[in-house]
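In what follows, a single structure is set out as structure tokens and then discussed.
The values are calculated or read from the model by the stated rules, or taken from the named source; none is laboratory data. The structure presented is a predicted model; accordingly, all values stated were derived computationally and were not measured. Quick reminder, even Gly has a Cβ in these numbers, built from the backbone with ideal geometry, and neighbours come from all protein chains shown.
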Amino acid sequence: MSHLTRRNFLKLGGAALLSTALRGFNFQDTGFMPPPIVYHGSRNQHAIALTYDDCYHADVLEQLNEMVTPYPDFHFTFFAVGDAITNCELADPGIWRRLYNRGHEIGYHTMQHIDTNLMSTQAMLADFDQWNNVLHQALGFLPEIHFAKSPFNDVSPSFEQLCSERGLVDTRYSIGYEGQTVDDGLYAAARTQNGDIVQMHTYQDPAKGRQDVAISALVIPYLAGIGFSLVTMTKLYGDLLREQNSSNGCEVGTGASLTRTCVE
């Protein structure tokens, strides 16, 4: 899908309403329509998306899954590197099915965590297709993938083209809980706002200043204690679309779908 009609663009999430337009690139006269870009969800809903990038460590994934056992409605979004999907599945067969069946979401983060500025559009498309195949092998089926996150949070023309052609929402973040100490993470969590997309990773190496697991173990009950819900990107973004669309002449009551059809 190299060109998006107005209706398809609105179905992809009303990027003109929901996100900052892509800056720094001149796509004029190319027929390219920038994809939706999301930095945060609704500031009116007491919910956040706690996301984890890379996902190289199967034991950490299992620990995170266990951390939300007391909170059945809490879910994460894992922006997993393709090589990490394969390696974690080899280390702990069935790990991805368990995460998916628990209600967690999986998003695209490239096959090998390569700077997307170094990749052509065709290379990006091939990379996404390879990543899809790896996820398919790990799960035994292929779920719909709605969200993509670029390594290093780079904005590159090839990554935006990929998102546009594959119907993906380019995902950013509004806060991170990572720091040199656990206290750094708790201090960041105390500044959480409604709708935040939280960036985390799956590392635990205090000697290198990585305390992701220890921070997660403390911030999850903290967030629960102050009334936040931890939701998938699909839930966070879907609620944002409903809020925006209902105030801009679009249909409401369309369930959990990411697509909304606006009145012509």
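Residues checked against (1) more than 19 Å from the chain's Cα centre (by Cα); (2) modelled with pLDDT under 95; (3) among the polar types (S, T, N, Q); (4) crowded, with 22+ Cβ neighbours inside 10 Å:
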| site | (1), (2), (3), (4) |
| --- | --- |
| Phe152 | no, yes, no, no |
| Ala188 | yes, no, no, no |
| Thr192 | no, no, yes, no |
| Ala207 | yes, yes, no, no |
| Ser216 | no, no, yes, yes |
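With respect to the conditions (1) closer than 19 Å to Asp53 by Cβ; (2) at pLDDT below 95; (3) within 21 Å of the chain's Cα centre (by Cα), Leu230 falls short on a single one, namely (2).
Taken over the stretch 109-140, the criterion of being aliphatic (A, V, I, L, M), farther than 16 Å from Glu160 by Cβ and buried (at least 18 other Cβ atoms within 10 Å of the Cβ) is satisfied by Met111, Val134, Leu135, Ala138, Leu139. Scan the stretch 37-53 for residues that are in contact with a helix residue (DSSP H, G or I) (Cβ under 6 Å, 6 or more places away or on another chain) and surrounded by fewer than 21 Cβ atoms within 10 Å (Cβ to Cβ) and the total you get is 2. Only residues that are without any contact (Cβ under 8 Å) to a residue 12 or more places away in the chain and within 20 Å of Pro72 (Cα to Cα) were counted across the stretch 222-248, and they come to 2. In the stretch 185-196 there is at least one residue that is free of Cβ contacts under 8 Å to residues at least 60 places away in the same chain, touching a strand residue (DSSP E or B) at 6+ places or on another chain (Cβ under 8 Å), more than 14 Å from Ala47 (Cβ to Cβ) and not hydrophobic (A, V, I, L, M, F, W, C).
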